[in-house]
């Protein structure tokens, strides 16, 4: 079997075509919003959001409602809850997230344990991109398109509130409103990626590609492109691994992204070692933007 | 100047009241949210249009607090503020605020040129993209602050003085009438100091109003028309021999 045949063969199957499109779409939306998640140091929130949709998924499953709907409601409620809690001075934001995320996740597990045989549990926790149905694909596509459009429309304000919220407030941009927008988009994105990599590993698609991109460039526009390329590449490599080696597709996707991050780290380290000393520049400020 | 189609403050725009001073502060008291202690107590001030006023005092005297209250970054506890006769927030584009360097995430991947461009955003509002006109204003102020060679640098890769000039460039790009500068001369090199002094002189020529916080008593009389002294959140009488200039407070 030649290489091209080897590459094409999996996609003779309809479910593999659906999986490929799903992986590309999820890679697009996760990596794009992930750039903001990483630059705004919201990695923990991203992870928390992915976990807190579990009770929504389970309740929807038990009542035979739409799984997406259940997860979305739980995700949006959590996004708003985190935003609301973190406005208060009494509890620090990361503490509030930690409490909410474990509480909601435990509620999901508790609900699961009430059902004797919960066949889809591993799919929810670890994803199964090969099991994406055409209906789910349409939803994933809608979420990706919506996310990309909104990120593009509000890019200049999202960028400004990320590095200088004070100036944003002075000119009348409500930094908090943009934070809510980002959290809600994050909830949608997380829900769309659960089918691909699962609740537990979703934050890898959000954070790892963007973090790798941040090591490779100091231009925001390039960071978006690199992150998206890494995420999509991870999705495709993961699909092949899953098809030929019969391993968990979610885990293969995440590990590919992790490997690419490792490569980015090496490139970054080599570049830094080669960089000539510049007396004008404060070395302590030369760290990557992570 | 044309109004943005979708202004950030929801179309909340007032014309200046004719003959009103640039800034009137009446018995202003301010506390930081979540704290009881007043950071500013009973401070009154009238700044005429075109004046350059230095707010002088030690750290914690209330200089930054006063500027933040005028920029509507802090809620007013009691008293009142009028900017060209209107309440704060009534005309965002008319007020530029230069923050202390520590308020900005310098590691964010953005170039100096784009940082300065954010000074134009108030004129653009939602969904609008910067025009050629906006970009030419940005290039002009970058040139004025001697930053042209550094325009494509990521902002963490600038020296402290260059960062300070970049922030001043952004404030100028906004083409505001009232500039609130928080410690623009703090810990800057001699070159930067000279460039900023030239900018302040230039602003006077344009009839712009400048209020700058400083704890540097060195060159007050060359850069400013008058000085107001603050200590522990109150206005105090100027120390003996200190520069006062034309009196602006009441």
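Every read-out reported here was derived from the displayed coordinates using simple, explicitly stated rules and does not represent laboratory data. Fair warning: this is a prediction, and the values are worked out from it, not measured in the lab. So basically every Cβ, Gly included, is an ideal-geometry build from the backbone, and we count neighbours across all protein chains shown.
Quick rundown of the values:
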| quantity | calculated |
| --- | --- |
| Fewest-first sequence of A:271, A:40 by Cβ atoms within 10 Å of each Cβ | A:271, A:40 |
| Antiparallel content of DSSP bridges confined to chain B, in %, to 5 | 50 |
| Additional length obtainable on full extension of the chain from residue B:26 to residue B:14, 0.36 nm per residue less Cα span | 2.3 nm |
| Cα shape, the protein assembly as shown, gyration tensor, a/c 1.5 rule | prolate |
| Residue list for region B:48-65, given a label point 7 angstrom along the Cα-to-Cβ vector of residue B:37 and an amide N cut-off under 12 Å | B:60-62 |
| Exposure proxy order (Cβ contacts within 10 Å, fewest to most) of A:240, B:8 | A:240, B:8 |
| Cα gyration tensor, region A:3-274 - rounded (a/c under 1.5), prolate or oblate | oblate |
| Peptide B:115-128 - average C-beta neighbours from other chains (10 Å radius) | 4 |
| Shielding by partners - mean other protein chain Cβ count within 10 Å, residues of B:152-159 | 5 |
| Residues residue A:265 and residue B:232, FRET efficiency given R0 of 56 Å [Cβ-Cβ distance, rounded to 0.05] | 0.65 |
| Neighbour-count ranking [beta-carbon atoms within 10 angstrom, fewest first] of B:91, A:30 | B:91, A:30 |
| Zone residues, region A:158-184, relative to residue B:87, backbone N less than 19 Å from point 7 Å out along Cα-to-Cβ | A:169-174 |
| FRET efficiency estimate (nearest 0.05) - Cβ-Cβ, residue A:244 to residue A:152, R0 30 angstrom | 0.25 |
| Average beta-carbon neighbours from other chains, 10 Å sphere, peptide B:88-95 | 2 |
| Computed [θ] at 222 nm, deg cm²/dmol, chain A (DSSP H ≥ 4; -39,500 (n - 2.57); rounded to nearest 500) | -26000 deg cm²/dmol |
| Length added when fully stretched, residue B:186-residue B:149, from 0.36 nm per residue minus Cα-Cα | 11.0 nm |
| Shape call, region B:58-162: gyration tensor on alpha carbons, a/c limit 1.5 | oblate |
| Segment residue A:180-residue A:272, length gained on full extension (0.36 nm per residue, minus Cα span) | 29.5 nm |
| Calculated FRET efficiency for the pair residue A:110/residue A:17, C-beta based, R₀ 45 Å, to 0.05 | 0.75 |
